[in-house]
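Step one of this worksheet: look at the structure below.
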Amino acid sequence: MTFLIPGLILFFAAHLVPTAPAWRASLIARLGEGGYKLGFSLAAGLGLVLIVLGVSAARGSAADPQLWHPPLGARHLAFALMLPAFILIVSAYLPSHIRDGSRHPMLAAVALWAAAHLAANGDLVALLLFGSFLVFAIYDRISLSRRAPPTRAPGRGWTGDAAAVVFGVALWAATLFWLHALAGLPLLPPMR
């Protein structure tokens with residue numbers, strides 16, 4: 001927990017600034033747009049590095065007790081929830097009806113990702129990591145009502161939606177069969 005908790009605090013402190021428009025504006029006035037973006041990127045990046053180091057160090061150690069046993073089928077539920085999460089992640093970068101309808105698809109994807117992983121894990125590290133991301137995604141989504149809507153071109157036709165689905169399914173499958181295992185956490189038993 002030496003790195004995990006400070007990493008979460010730093011990462012979310014950086015991400016809280018945009019949820020408070022007046023605070024963000026005062027930082028931009030003081031640091032300039034470039035200085036603000038650099039500071040945000042450094043704080044969020046360092047926070048993310050500390051989170052990864054903290055999770056790696058704590059997973060499976062005495063500092064990571066099992067708090068509850070996930071219900072039967074929770075792992076399958078997580079697999080299922082991750083499919084729309086990946087589609088939402090991709091749609092965040094494409095003009096599409098999915099992006100426009102969800103208003104902030106990245107937050108919806110983070111909430112699904114966190115909820116899926118909370119359902120499938122019952123240890124302290126999972127609670128701290130996924131619980132904090134879920135709480136933040138919900139808070140940030142609520143805070144959007146106080147901020148100006150994002151300025152971007154509206155989705156045109158169904159091309160962006162089709163691309164989001166195709167690439168989202170491809171990322172989901174790659175993660176299921178390969179990428180998650182690269183992180184040392186295989187999701188499926190090895191093929192024989």
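Structural remarks
- As a proxy for reagent exposure, F133, F40 were ordered by neighbouring Cβ count within 10 angstrom, fewest first; the result is F40, F133.
- Within a Gaussian network of the chain (alpha carbon springs, distance under 10 Å), most fluctuating of S102, S61, S91: S61
- Paired Rg and Dmax values of the chain, which use every Cα atom, in angstrom: 18.2, 60
- Helical mean residue ellipticity (222 nm; -39500 (n - 2.57) per DSSP H run of 4+; nearest 500) of the chain: -22500 deg cm²/dmol
- Distance histogram in 10 Å bins (all Cα pairs of segment 70-179, percent per bin): 15, 39, 33, 11, 1
- Top of I142, I98, I87 by mean-square fluctuation, Gaussian network on the chain, Cα under 10 Å: I142
- Segment 1-48, relative contact order in percent, only Cα pairs under 8 angstrom and at least six apart counted: 60
- Gaussian network model of the chain, Cα within-10 Å springs - most flexible of A111, A29, A63: A29
- Each of L88, S132, L187 was placed along the dipole of the chain (beta-carbon charges, centred on the mean Cα), and the one lying farthest toward the positive end is L88.
- When all alpha carbon pairs of segment 1-105 are counted in 10 Å bins from zero, the resulting P(r) reads 13, 22, 37, 22, 6, 0 %.
- Mean Cα-pair separation over length for the chain, i.e. relative contact order, pairs under 8 Å, 6 or more apart, %: 23
- Counted charge near Q66, where neighbours are those whose Cβ lies closer than 13 Å (Asp, Glu -1; Lys, Arg +1): -1
Read-outs: derived from the displayed coordinates by stated rules, not from any lab. No experiment lies behind these values; they were computed from the predicted model shown. No Cβ is skipped: glycine too gets one built from the backbone with ideal geometry, and neighbour counts run over all protein chains shown.
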